[in-house]
Amino acid sequence: MSSVSVDNPENEPCPPDHTRFVCISDTHSRHTRMTHAVPWGHVLLHAGDFTMHGLLAEVVDFNTFLGTLPHEHKIVIAGNHELTFDEGSREEFKQRFHDLCPDLCRATSSAAHAKSLLTNCWYLEDEEVTVRGFHIYGSPWQPAHRWWAFNVSELGTRLAEKWERIPTHTDILLTHSPPHGIRDSYSFMRHAGCKELLREVKTRIKPQCHVFGHIHEDYGVTVKGSTTYINAATCNGGYRPTRQPIVFDLPNPELDSATQALADISLVDTIRDVL
């Protein structure tokens with residue numbers, strides 16, 4: 001990985017034949033109040049918790065914000081705060097907190113409708129997208145904590161099964177949960193990351209980069225083995241959006257001959273259309 005300064009990433013030019021990735025997470029509907037502007041890049045990665053409760057108005061506002069950004073590709077996953085994106089957790093929240101969040105409790109739209117409001121990005125939920133030759137996989141799950149969205153107990157096999165779906169050809173892994181023991185510390189060094197996710201990332205997937213958020217208190221970058229781990233949480237522990245977006249560059253993948261041939265045909269067709 002060709003790294004870029006976290007302090008002033010916008011001041012470093014992207015090397016030729018590289019793709020620039022810009023990482024943010026846990027903006028919690030505070031995207032218009034971020035201390036640091038989102039810098040230019042080819043690809044924006046958001047690792048979830050873009051709202052406080054997943055209210056449709058919050059989703060629409062975030063989508064509008066995405067539309068103002070210049071990135072060629074914008075890739076977003078949900079986090080535990082996107083309650084309207086996870087039918088099961090929303091119903092439990094309604095039962096417990098009707099008085100706390102009446103707008104959410106009155107919501108009748110489906111999770112599919114809430115997700116459809118994200119028109120200015122690729123929304124990934126246990127699926128992948130290939131952009132600029134990079135295979136990017138996104139997943140919103142995390143070890144169960146109280147009543148929030150996309151919770152799965154670490155007891156049993158259900159959470160492990162989520163991670164086992166991730167393809168081994170993944171270049172960039174985007175999850176809301178951190179892996180256990182890596183940028184997942186909070187409150188007297190307690191760890192909130194997932195052990196099964198750590199096992200899969202270290203022993204099977206081995207992505208070039210693993211981007212996540214969820215734990216506001218452990219923002220930053222850690223390199224272990226061949227993988228760079230990025231906790232891109234924008235908000236601090238007090239939900240103030242003071243953290244700087246984290247930027248990194250990767251050399252563009254070499255295309256195999258078949259893919260290159262298709263790219264050449266596409267380019268010829270494009271030129272023919274212009275002429």
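Just so it is clear, none of the values below were taken in a lab; they were calculated from the coordinates. Computed from a predicted structure; not experimentally measured. Note: ideal-geometry Cβ built from the backbone for every residue, glycine included; neighbour counts use all protein chains shown.
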Relative packing of peptides 172-185, 134-147 - highest average C-beta neighbours within 10 Å first: 172-185, 134-147
Proximal charge balance of Ala233 [Cβ under 14 Å; K/R count +1, D/E count -1]: -1
Net charge of neighbours whose Cβ lies under 12 Å from the Cβ of Phe212, counting Lys and Arg as +1 and Asp and Glu as -1: -3
Efficiency of FRET between Asp17 and Arg240 - r from beta-carbon atoms, R0 35 angstrom, step 0.05: 0.40
Euclidean distance of C-alpha centroids, the range 217-243 and the range 161-195, integer Å: 12 Å
